[in-house]
Every structure is written in C-alpha cells, then in structure tokens.
Number of protein chains: 2
Amino acid sequence: MARIVMKFGGTSMAGTERIRRVAGIVRRQQEAGHEVAVVVSAMSGETDRLVNFCREANALYDPAEYDVVVASGEQVTSGLLALTLQSIGAKARSWLGWQLPIRTDDAHAKARIEAIDTDEILASMARGEIAVIPGFQGLTADNRITTLGRGGSDTSAVAVAAALKADRCDIYTDVDGVYTTDPRIVAKARKLKNVTYEEMLELASVGSKVLQTRSVSLAMKEKVRVQVLSSFIDENAPAADTLPGTMIVSDEELEGLDMERQLITGIAADKNDAKVILTAVPDRPGAVSSIFGPLAAANINVDMIIQNVGRADTDTDVTFTVPAADLDRTVAVLEENRETIRYEKLSTDPKVAKISVVGVGMRSHAGVAAMMFKALADRGINIQAISTSEIKVSVLIDSDETELAVRLLHTAYGLDG
Amino acid sequence: MARIVMKFGGTSMAGTERIRRVAGIVRRQQEAGHEVAVVVSAMSGETDRLVNFCREANALYDPAEYDVVVASGEQVTSGLLALTLQSIGAKARSWLGWQLPIRTDDAHAKARIEAIDTDEILASMARGEIAVIPGFQGLTADNRITTLGRGGSDTSAVAVAAALKADRCDIYTDVDGVYTTDPRIVAKARKLKNVTYEEMLELASVGSKVLQTRSVSLAMKEKVRVQVLSSFIDENAPAADTLPGTMIVSDEELEGLDMERQLITGIAADKNDAKVILTAVPDRPGAVSSIFGPLAAANINVDMIIQNVGRADTDTDVTFTVPAADLDRTVAVLEENRETIRYEKLSTDPKVAKISVVGVGMRSHAGVAAMMFKALADRGINIQAISTSEIKVSVLIDSDETELAVRLLHTAYGLDG
C-alpha cells in the first residue's frame with residue numbers, strides 16, 4: 001500500500017462529465033490498494049470569470065476580498081468531486097483550505113504555504129475515505145482566506161504530498177508528460193521517462209508550461225516524488241503507477257535509473273521577455289547599480305544582462321531583459337532616473353525569444369554552449385545575449401526565429417525521436 | 001446612531017452593475033450615521049446552477065458536500081460587495097459563515113441557526129467597517145459548512161439582527177413592501193405601512209412570497225423590527241429610514257401606530273397545494289390516525305382536513321390538502337397502507353387554490369368568515385374546505401377561480417385603494 005496525492009487541473013474538472021472521468025481514475029487508484037488524497041483546480045474558465053467580477057467591482061481590489069471571491073471556484077469542484085466519488089461507491093469527503101487548515105502567510109493573492117495540519121485528514125484516509133482538497137487556497141493566522149497566485153494548485157498538491165509524507169504526487173495535466181521540447185513546434189519531440197528537479201525547474205522557468213516553477217522548487221526542497229501524467233487516458237487503463245508519464249527525480253535517483261542518458265534533456269523557448277537597451281551610459285563606478293537599483297525597488301525582475309563597450313572609451317551600452325508585462329513600468333522607472341543614470345538613449349524591443357538548452361549532463365561536458373552557438377550561427381541566427389547556469393545555456397534571439405532555432409537545436413543535440 | 005442590518009436578495013446582487021447600486025444604498029445608510037451590517041444572497045440563477053451541478057454529480061447527493069458547493073454563491077457576492085463598497089470609499093470586509101461563525105445544527109441543506117458569535121464583528125463595525133455577511137450559510141460544531149435551505153438568507157438576516165441587537169432589519173426585495181394582496185392580480189391593491197408579525201406569518205405561509213416564513217417566526221420570537229423595502233429605488237433617494245416600505249411590528253406597537261386599522265389586512269392566494277379524497281373509509285376509532293400517522297412518518301405536511309359523512313352510515317369520506325410537490329409520495333404512502341386504512345377509492349385534484357383573509361382585527365369581530373362565505377357564494381364559487389386560525393380564514397376553491405375570488409374579497413372587505 002502506498003499513500004498517493006493526485007492533482008487534476010481545470011481542463012480535467014471542466015463540468016460534471018469530466019469530473020466523472022476524474023472520479024474513475026481516482027477510484028482505481030484506491031482500488032489498487034492505496035490511500036488517496038486528491039487536489040483539484042477550479043473548472044477551466046471559472047477563475048477568470050471570478051477575477052473579472054473582482055476587477056469590475058474594484059479596479060484596485062483589496063486582495064483579501066479578492067481571495068474570498070476567487071477561492072470559491074476550487075470549493076465548488078472539491079464538493080462536486082466528493083459527490084461524484086460517492087456516486088460510484090467510494091467514500092470521500094472534501095477538506096477546504098480553512099478546514100485542514102492549510103496555513104499560509106498573509107500575502108493575499110500570492111500567499112505562501114507555511115504548514116498543513118494532517119491529523120484529521122490522515123485519520124479519515126485511514127478509514128478508507130478519499131480526501132478531496134481544493135488547490136490554490138489557504139488560511140492566514142487571523143482566519144482569513146488566502147490564495148497562492150495563478151496556477152497555485154500544483155504547489156498545493158506538492159505541499160499536501162509533503163505534509164502527508166506521500167509516496168508520490170501525481171500531477172494530471174492535458175499533456176502526458178514532459179517532452180524534450182514543445183511537440184507543437186517539433187514533431188520529433190520525445191517524452192522523457194525521467195527528469196531531475198533541477199532540470200524541471202529550468203524548463204519551467206524558461207517556458208515549458210507543464211508545472212508551475214514554485215511547485216517544482218517545493219518538491220525539490222521537500223523531496224516529493226512528482227509524476228506528470230495525462231488525465232485524458234482511457235477510463236479502463238490500469239492505475240497510474242503502471243502508466244507511462246514523466247517522473248521527476250533527484251540527481252542520485254536518476255543516475256540509478258538512466259545511466260546512458262543524453263547530454264541534453266530538453267530545449268525550451270520563452271517569448272515572454274522584452275529587451276531594453278541603454279546607449280552611452282558613462283562608464284564609472286556605480287553606473288550599473290544606478291540602473292538596476294531602481295528596477296529592483298520597483299519589483300521588476302531583470303534577467304539577462306550584457307554590458308558592451310560603447311562608442312567612446314568612457315561610455316558603455318547596457319542591454320537587459322525584463323518580463324514583457326513589466327516593460328512599460330521599466331521604461332517609466334528608467335525615465336524617472338535618467339538624471340542619475342545619464343544614458344544617452346533608451347530603446348526597447350519586445351520581439352525577442354529566449355531559447356534554452358537544459359540538462360544535468362552538461363555539468364561534466366564542455367562544449368555544450370559552443371555547439372549551441374555554432375548551430376545557430378550556421379543558420380545565420382544572431383545571438384543578442386547569453387546567460388548560463390550549471391545545467392542551462394540560454395540565448396536571446398529575434399522571436400521570428402524561435403521555431404527554427406528550437407528545431408535545429410533539437411536535431412543538433414541528438415534529441416529527435 | 002442606530003445599528004442596522006440590511007439584506008439584499010439575488011435579483012439585487014445579479015452582476016457587478018447591480019451590486020454597485022446596492023453598495024450605494026448601503027453607503028448612504030452608513031453616511032446617515034449608522035452602524036451597518038449587510039446580508040447578501042447569491043446572484044440570481046447561481047444557486048440553481050450549483051444545485052444542478054450537484055444533481056448531475058450524484059442524484060442522491062450527500063447534503064454535507066452539497067452544502068460545500070452551494071454555499072459558494074453567497075461567498076462570491078459577499079466578497080464582491082465588500083470590494084465595491086471599498087471602491088466608493090467605504091471601509092468594508094466580508095465575514096463568511098465559518099468566520100463569524102454562524103453556528104448551526106448539523107442538519108445539512110436545511111440547518112437551523114443556534115448562535116452567532118459577535119465580538120469580532122461588533123468591534124469591526126465600531127471601527128466604521130461595514131460588515132458583509134453571506135446569507136444562507138453556517139457552520140456545524142464539527143467545522144463543516146451548512147446551508148439553511150432555499151430562501152434562507154432572510155432568516156440569516158433576522159438572526160444576525162437579533163445577535164447584533166440591531167435597531168432594525170431592512171429586507172430589500174424586488175417589491176417595495178407588503179400589499180393588501182398581489183398587485184398583479186388586483187390593480188387596486190394598497191401597500192401596507194405596518195403589518196404584525198402574526199399577520200406576516202399567515203401571509204407568508206399562504207402564498208405572499210415577500211418574506212420566508214421561518215424568518216418571520218424568528219423575528220417575532222427575537223423581537224426584531226423588520227422592514228420590507230424595494231432595492232430598485234432611485235440611487236439618490238434618502239437613507240432607508242425615511243423611505244416608505246412596510247414595517248413589521250408587534251401587536252402592541254401596531255395599536256399605537258394605527259388605531260383606525262382595517263378589520264382585514266390582506267388577502268393571499270396559494271396554488272401550491274393539492275387535494276386528496278379518500279372515499280368510504282370505515283368510521284371507526286383510529287380511522288383518522290391510520291391515514292395521517294403514515295403521512296406524518298413520511299414527513300408530508302397535511303394542511304386542511306375535512307371529514308364528511310359518507311354514503312353508508314358506517315362510512316366517512318376524508319378530504320385533505322398536501323403540498324402539490326408531495327402529491328406523488330402521498331399517493332404512494334396511502335396505497336401502501338390501503339389494508340389498514342380500508343378506503344374504497346383514492347382520488348386527487350391538483351387544481352385547487354387556497355384563498356385566505358388575514359388580519360389581527362378579526363380577533364374582536366365576529367362575522368369575518370360569514371362575510372367571506374357570502375361573497376364567494378354570491379358569485380357561485382364553491383368552497384371545498386375551510387380552515388381558520390385566530391387571525392385567518394382560509395377556503396379551498398377551484399384554482400381557475402383564484403383571481404376572481406381574490407378581487408371580489410378585496411372589494412368586499414373595503415381594501416380597494
């Protein structure tokens with residue numbers, strides 16, 4: 001017997017017909033002899049509907065009341081899944097965020113989970129009841145509802161799995177695993193049997209939308225075994241532990257599982273950044289901090305940075321990327337601080353894409369970056385910026401060349417299936 | 001300064017535009033110098049949508065999980081009203097049923113309020129915050145959500161007013177008060193300035209849909225001053241204590257207010273009953289209890305009963321009414337018990353209406369019933385059954401004659417405006 005946490009997203013919960021499919025999948029896990037807890041999202045579209053109500057009510061909404069409104073979507077699907085499980089003969093009950101409770105800090109609309117009380121729910125699961133838990137929601141110390149931010153249900157599932165000391169956390173999505181790259185771009189993309197936490201983290205942060213970054217960090221920190229699976233499986237398929245999804249594992253576990261692993265695990269593309277160029281900034285001590293200090297104070301997340309020598313010996317050009325959603329605010333902050341930064345010209349380019357190759361294998365292999373630069377140069381793709389981490393190399397290119405770059409790198413690193 | 005509880009129904013809360021009107025009405029009450037708590041229903045149509053989800057999920061639904069689902073409708077409108085009040089410069093916060101808490105018994109889907117904790121909310125109101133409370137919902141001793149049954153928000157409002165020792169409970173509806181009869185039937189119907197709890201109770205139970213019966217009983221028991229008002233008033237109208245609605249008061253208060261009151265307060269019609277006739281039941285001790293015992297055990301509410309002498313000296317015919325919604329179950333129970341009741345024939349008639357004249361004035365006046373019977377007989381309307389209370393006379397007639405009967409009684413008792 002194992003203890004398993006299952007998580008279903010909004011597409012899987014969209015309407016009572018689909019919830020019935022989910023109930024079947026959950027029921028089979030229990031019938032395979034496991035203790036089961038299920039974390040659910042709101043019906044797809046519902047959170048958007050509720051957020052729109054809040055915006056119409058008050059453009060500058062109080063996040064505490066916003067949380068009261070938007071948390072209701074997961075409350076509804078929790079009750080409905082419990083009812084549906086009962087209708088097929090399972091014992092089930094819902095446990096709302098405030099009932100467990102899932103304790104969070106008081107950062108409404110983007111709260112962080114601090115602790116989950118488990119005595120009651122474990123006793124219920126030991127009695128054979130399936131625990132149904134709404135994702136995305138929690139409770140502050142002063143008894144108010146919080147939500148974890150969009151997509152927070154993955155994080156809820158991992159946190160519940162950690163608190164329950166679950167053997168596995170199965171995340172059911174509308175894809176059936178993690179691929180070497182987006183299969184919509186590269187037809188030859190292959191599903192990965194295993195991927196490490198760190199690789200998943202890099203993939204999630206550079207545009208692979210399978211799992212929320214926060215949930216992967218939490219899984220890594222709490223050593224939760226996470227499996228990504230498709231919820232659109234045949235209802236009569238075997239229980240999930242025999243289905244082919246992607247298992248997210250630690251480095252050590254991966255070595256045991258997959259000795260002959262490729263150098264590179266996957267290739268991701270992210271079009272959500274924009275480029276900012278400050279021309280002819282005086283090259284003096286403190287110049288860089290005069291730029292990035294005010295941006296950090298405005299809570300704008302700067303990613304890639306390059307500093308070129310400018311036209312005069314005493315000048316430098318500074319190029320960096322920010323989330324495209326923050327571009328207007330970025331420009332405003334820089335213009336406000338023009339006097340102290342003393343740049344000659346400010347220009348922006350939202351038409352950029354960040355292409356990343358990711359893999360724990362590259363730690364011990366030189367030449368991964370060189371292969372990337374050569375492959376792109378051979379096809380005349382201009383690299384506008386570069387950043388690297390221990391298991392990732394990213395380049396910034398013109399967004400029109402995204403698909404071409406992903407395809408040729410997928411082939412260059414031998415990932416084509 | 002007064003402390004006022006305001007309640008708005010689903011029609012008033014249907015969408016952010018209407019919620020904005022409600023916020024304006026609430027804000028003006030506060031600006032008139034009062035402490036204000038607001039009880040809200042779900043958006044009209046929303047509870048039906050949620051109930052349908054539950055039925056689709058599980059025809060024999062677990063009422064505890066049903067409550068989790070349907071309570072979400074009021075949670076949404078509470079948060080939205082708090083947000084909207086904040087947007088027009090008021091301080092406001094929502095207090096969900098489990099947050100106050102509103103403590104109920106554990107009869108899920110039809111719970112009864114037992115107590116309401118008020119320390120926190122009173123402190124909040126004293127700080128100038130408008131308290132927004134979802135109607136219809138509460139919390140059991142073991143920390144689960146309950147709902148009070150359809151239309152329960154009126155009861156929530158009266159219970160909150162009693163707990164807060166409010167000076168008044170204003171119920172905003174889609175009519176602007178209580179009328180002598182349904183204005184859609186009788187154009188000359190007049191709005192009543194005052195009505196007693198007992199009259200309101202009789203009117204509510206015989207088809208005047210202005211207030212839920214339970215809420216009126218509770219108001220009478222807890223001596224809560226209830227006012228019925230329209231929510232479709234001009235946004236720039238004065239605060240509610242100067243608006244003409246209908247005030248529900250005690251007998252004693254009424255005497256002070258309205259010495260020259262009419263004998264009869266109002267006339268109500270109710271088409272929700274059905275008639276059942278059992279022919280040739282042996283006239284023996286225990287005959288009647290053999291009929292009504294099993295019906296009571298099946299939780300079927302029998303209203304008017306008449307027992308005629310039957311065709312043989314030893315037989316009797318028994319006629320009674322039950323809610324039309326329970327007619328099929330009633331027939332099933334009677335057929336199951338045919339052996340013990342020993343009736344010859346069972347027939348039913350759903351095409352009946354109960355017409356009632358109501359008024360505290362009739363206590364001290366003979367002849368109210370006689371006037372009613374004569375007025376109906378003069379127009380050839382056949383009376384099928386009669387029941388009376390201290391302040392009400394009801395007759396059962398063919399439902400086709402409902403409008404005619406109401407109109408001619410309205411004139412006969414001098415109620416035409």
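No value in this document is a laboratory result; all are computed from the given coordinates. None of the values given here were measured: they were computed from a predicted structure. When we count neighbours, we look across all protein chains shown, and the Cβ atoms used for this are built from the backbone with ideal geometry, even at glycine.
Odds and ends about this structure:
- Across chain B, the relative contact order, built from alpha-carbon pairs under 8 Å that are at least six residues apart, equals 14 percent.
- Partner chain coverage, peptide A:71-77 - average Cβ within 10 angstrom: 5
- Considering only A:SER289, A:PRO183, A:GLY15, the residue lying farthest towards the positive end of the dipole of chain A is A:GLY15, judged by Cα position with unit charges set on Cβ.
- Antiparallel %, DSSP beta bridges [both residues in chain B], to 5: 60 percent
- Exposure proxy for B:SER399, A:SER153: other Cβ atoms within 10 Å of each Cβ, ordered fewest to most, give B:SER399, A:SER153.
- Segment B:GLU17-B:ASP106, length gained on full extension (0.36 nm per residue, minus Cα span): 28.4 nm
- At R0 = 30 Å, FRET efficiency that the Cβ-Cβ distance of A:ARG342 and A:ALA297 yields, to 0.05: 0.95
- Nearest chain B C-beta to the B/A rotation axis, reported as residue and distance in angstrom, is B:SER72, 2.
- Against the rule of thumb 2.2 N^0.38 Å, how large the Cα Rg of chain A comes out: 1.08
- Going from the fewest other Cβ atoms within 10 Å to the most, the residues A:LYS271, B:LYS392 appear in the order A:LYS271, B:LYS392.
- Integer Hz, Karplus 6.51/-1.76/1.60 couplings in order for segment A:280-290, x for Gly and Pro: 6, 8, x, 7, 9, x, x, 4, 5, 6, 5
- Model label points for A:ALA369 and A:PHE232, set 7 angstrom from Cα along the Cα-to-Cβ axis, are 4.0 nm apart.
- Dipole check for the protein assembly as shown: with +1 at the C-beta of Lys and Arg, -1 at the C-beta of Asp and Glu, and the Cα centre as origin, the magnitude is about 480 Debye.
- Per residue, the convex hull spanned by the Cα atoms of segment B:317-365 amounts to 132 cubic angstrom.
- Spin-label pair B:ALA2/B:ALA32, simplified geometry with 7 Å Cα→Cβ offset, distance in nm: 0.7 nm
- Peptides B:10-18, A:334-342, A:350-358 ordered by average Cβ neighbours within 10 Å, highest first: A:350-358, B:10-18, A:334-342
- Peptide A:46-52 has a mean of 1 when you count, residue by residue, the C-beta atoms of other protein chains within 10 Å of its C-beta.
- Residues with amide H under 5 Å from that of B:ASP283, placed H, sequence gap 5 or more: B:ASP315, B:THR316
- Judged by the mean number of other Cβ atoms found within 10 Å, the most tightly packed of the peptides B:105-111, B:127-133 leads the ranking B:127-133, B:105-111.
- Distances in nm from B:GLY293 to the matching label points in the other copies, shortest first (labels 7 Å along Cα to Cβ): 9.2
- Percentage of interatomic Cα-Cα distances in the protein assembly as shown larger than 45 Å: 44 percent
- Annotation: amide H-H contacts under 5 Å for A:VAL210 (H modelled 1.01 Å from N, sequence separation of 5 or more, or interchain): none.
- Stretch gain in nm, segment A:ASN52-A:ASN143, where the contour uses 0.36 nm per residue and the Cα spacing is subtracted: 30.2 nm
- Using a 7 Å Cα-to-Cβ projection, A:GLY15 label spacings across copies, nm, ascending: 2.5
- In this structure the amide hydrogen of A:LEU192, modeled in the peptide plane, comes within under 5 Å of the amide hydrogens of A:VAL178, A:TYR179, A:THR180, none closer than 5 places in sequence on its chain.
- Sequence-separation-based contact order of segment A:64-152, relative, with Cα cut under 8 Å and 6+ spacing, percent: 37 percent
- Neighbour counting of Cβ atoms within 10 Å sorts the residues B:THR279, A:THR411, A:THR180, fewest neighbours leading, into A:THR411, B:THR279, A:THR180.
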